[in-house]
Amino acid sequence: MGGGFDIIASLQFMLLLFYVNFAACIAEERAIYLVLMEGDPVAFHRGSSPGENGRRLGLNSEVSEAHAKHLVDSHDRLLQKTLESGSYNKLYSFKHIVNGFAVHTTSSQARRLKNASGVRLVERDRGAKLMTTYTPQFLDLPEVWTQEGGDKNAGEGIVIGFIDTGINPCHPSFSYDPTKLFTSNISHFSGACETDPQFPAGSCNGKIVSARFFSAGAQAVATLNTSVDFLSPFDAVGHGSHVASTAAGNTGVSVLVNGFFYGRASGMAPGAQIAVYKAVYPTVGTLADVVSAIDQATKDGVDIITLSVGPDEPPEDKFTFLNVFDIVMLYAQRAGVFVVQAAGNHGPGPSTVLSYSPWAVGVAASGTDRTYPGSLLLGNGQKVGGVGLSGPTLGEGLFLYKLVLAKDAVNINGTFPRTPQYIEECQFPEALDRNVVLGSVIICTFSDGFYNGTSTLTAIVDTARTLGIMGFILVANPTYGDFIAEPIPFAVPGIMIPSVADAKVISQYYEQQIERDGRGFVIKFGARAAIGDGRIASFKGQAPIVSRFSARGPDFMDKDKNPADILKPDILAPGHQVWAAWSPISALEPTLKGYNFALLSGTSMATPHIAGIAALIKQYNPLWTPSMIASAISTTANKYDINGEHIMAEGSDNLYPSTPFDFGAGQVNPTRALDPGLVLSSGYDDYISFLCSLPNMDPAIVKNSTGELCNHFLSHPANLNLPSVTISSLAGAQLLRRTVKNVGLKPEKYLCSVMPPNGTLVNLNPPWFTITPQGTQDLDIQINVTNGMNNWSFGEIVLTGSLNHIVRITLSVLFQYPHEN
């Protein structure tokens, strides 16, 4: 009896021990932590302020190198002193624009770091995601290029840094142009070319001036796939190549896909140089790699940093402005770098924007007036519209082909499972009777597999090729509703019908034309159809329209989404259906495998438009600071479409008149941005004062995040000198001030007018002013509530110059109501 009890007790103890150990293992799972330290990084050592005159100080001097080594040694000493031996792996030391490091360790060790002397901030890595031609003509860029010596010279001497998935160096968008000698003065830039078999030494050819990769974070948190996760700057995804070519790709590159010529592509600034910083991999992306890339890019001397990647969610326990990612962007801007980032793709809901801070330009996405309409011709003469970049069925509509529903062509003798992927979605050729579908147009139905992401269009194309199917149709399913269809190149004739109503038209015609036996099997296929050419572009309709996916404002300060006194997004640019360079490996998009070009949508695509336009502005005005460039882009933007109507936005199921929370200041206007007349600028100290002035902000938090003391406060957070005015809690009245600078070559007289937000009265003082070249003028803005409203209200200040400059400052106001007892 006692022996049995001992055995049971022993087993219970062992189970308890196992549970404790298992729980400990779960609790002590490793993650990446980003750590910021006290003490200046190299760029700002001994009080230097390199970003004030538009150029950065060199970071490669002996003094700089010695300080960099000192910082690295201090990081190593701290880790050795604070953490248990074998409990961590340091991934990076950040030393150029931020003093800190990335470490792979457990949560308990991270807590030790938080309490260590000299540590300001410890933050868990949230990961990094991708935010996923005709646009130069749509934005009137040829006119801008003419002012800068022609398309090949537009942006010359400006280096754009791309922090992304790398680049495909063999693509013609990045090839060396033998007719042009790269004699640009980029002495401010000093990069490197990191090579391997996929990225040979000749890849850095003068167009690509530097290429690096950052993988320590990715390697720490995942087992990389050597067939696609290349440890080199080579792009296996395509995203980085697409972004780089949109901003700075060569001009006049022929876009050929499946043997069809879609036109010629060009970057916004085809003369600009490209610096590549690969930090996101097909398997994983980490903030540690992205932050290290930003640190290195700034040290190398890039003029512009393009971030079509970043965290895909707001920080959980911090002010949005004070997470490590935004702090590093602040330091890059302080160093004189123009930082542009994707606003995010979680629209159209409110406060979905992922760009928070006033020191980085957040870009929303719009469509142009170009579409690729597809069509399906039925045997009864009806035409149904759809989407698909494919050629027509043989005969281009003169010949009609047997129409077969995949369910009616199932191989009844097959041993496959009777799941939607097999019997409805055309994913497996063995599921279909070849004798029935040969030479036909087959109807595949959007079902469970497409809904959960396991079915692909590539599989439909493969099924069609294998069975000799003439063409395919993917129709919407009433069970799942309408789906969003983007034009995708198909190697066989194909069309997507994303509307349930249109799919019903096809279904009704099909059922009327077939005969079934008593068991429901089709004994006669009488329906006929032909697929039209879906590759011919149409140019008509409203444009721009804010894209459905584009993230919306208002900006917010914290996880509770309390609104901030900052306008986000900042600006609108084309980001819907953009042709640009691609990588044939296409590791994440099997549908685009083998292609050198891709037609993509996303704020990832909008962001490089602004990066390229910023390069043109920087070339034209080389001494401008990043905030001056941002102001020029903002105050000259268009709020009306090509038909002179107010810009519209796509909602979940309708169009509605857009607001600044959809498009920021409006659609970018490059021609006017080159010569804006006036600019509003802010510097590093201004941003610190803004942070210190946020409601309920503890100065210690600002100190821990930025290393700066709150020695100066703004009278109101909205008093930051931005090219917009946003008040998230207006009670009674508010007096604000903006300071403008004349960047023109002549004195100019400006008349001040205002379209006040509904429910307000806005007075401007002075009502007019004359300003000399390089002179400044204060503008006092008195906003009084006349009739409080329950939601945001919008307006704008317009400064009209005697030399035809028009400066627009967006007004956004939310009224404060007293809390009820």
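Quick rundown of the values:
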quantity	calculated
Among (1) within 21 Å of the chain's Cα centre (by Cα); (2) modelled with pLDDT under 95; (3) open to solvent by less than 30 Å² (accessible area, probe 1.4 Å); (4) not charged (D, E, K, R), the one test that residue 582 misses	(2)
Residue satisfying all of: in the range 102-134; touching a Lys or Arg at 6+ places or on another chain (Cβ under 6 Å) and within 30 Å of residue 604 (Cα to Cα); most open to solvent (accessible area, probe 1.4 Å) among these	134
Close pairs (6 angstrom Cβ cut-off, 6 or more residues apart or separate chains): closer than 13 Å to residue 726 by Cβ in the range 792-815, of a type in the set (Lys, Arg) and in a strand (DSSP E or B) anywhere	796/808
Only one of 427, 421 that is in contact with a Gly (Cβ under 9 Å, 6 or more places away or on another chain), at pLDDT 95 or above and farther than 25 Å from residue 512 by Cβ	427
Number of positions in the range 600-623 that are over 21 Å from residue 649 (Cα atoms), among the aliphatic types (A, V, I, L, M) and open to solvent by less than 30 Å² (accessible area, probe 1.4 Å)	6
First in the range 66-85 and assigned to a helix (DSSP H, G or I), second anywhere and open to solvent by 90 Å² or more (accessible area, probe 1.4 Å), Cβ under 6 Å, 6 or more apart	82/112
Filtered residues of the range 86-122 (kept if small (Gly, Ala, Ser) and within 29 Å of the chain's Cα centre (by Cα))	93, 100, 102
Flag for residue 704 being open to solvent by 20 Å² or more (accessible area, probe 1.4 Å) and outside any helix (DSSP H, G or I)	no
Those residues of the range 399-421 which are more than 15 Å from residue 533 (Cα to Cα), assigned to a loop (DSSP other than H, G, I, E, B) and not small (Gly, Ala, Ser), in sequence order	411, 412, 413, 415, 416, 417, 418, 419
Selection status of residue 336, part of a loop (DSSP other than H, G, I, E, B) and open to solvent by 10 Å² or more (accessible area, probe 1.4 Å)	no
Members of the range 208-217 found to be touching a Gly at 6+ places or on another chain (Cβ under 9 Å) and either open to solvent by 40 Å² or more (accessible area, probe 1.4 Å) or not hydroxyl-bearing (Ser, Thr, Tyr) (or both), listed by number	209, 211, 212, 213, 217
The one condition in (1) open to solvent by less than 10 Å² (accessible area, probe 1.4 Å); (2) modelled with pLDDT of 95 or more that residue 670 fails to fulfil	(2)
Some residue of the range 497-518 being open to solvent by 30 Å² or more (accessible area, probe 1.4 Å), in a strand (DSSP E or B), under 19 Å from residue 409 (Cβ atoms) and of a type outside the set (S, T, N, Q)	yes
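Each row is one residue, and each column tells you yes or no for (1) under 36 Å from the mean Cα position of the chain (by Cα); (2) open to solvent by less than 50 Å² (accessible area, probe 1.4 Å).
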| position | (1), (2) |
| --- | --- |
| 751 | no, no |
| 759 | yes, yes |
| 765 | no, no |
| 776 | yes, no |
| 783 | yes, yes |
| 789 | yes, no |
| 795 | yes, yes |
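So that you can scan it fast, the table gives a plain yes or no per residue for (1) open to solvent by 20 Å² or more (accessible area, probe 1.4 Å); (2) under 25 Å from residue 654 (Cβ atoms); (3) part of a strand (DSSP E or B):
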site	(1), (2), (3)
352	yes, yes, no
359	no, no, no
363	no, yes, yes
385	yes, yes, yes
391	no, no, no
394	yes, no, no
397	yes, no, no
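The values are calculated or read from the model by the stated rules, or taken from the named source; none is laboratory data. All values derive from a computational prediction rather than experimental measurement. All Cβ positions, even for glycine, are placed from backbone atoms using ideal geometry, and neighbour counts span all protein chains on display. Remember, those area values only see protein heavy atoms, side chains included, never the ligands or the DNA or RNA. Shrake-Rupley method; radii C 1.70, N 1.55, O 1.52, S 1.80 Å.
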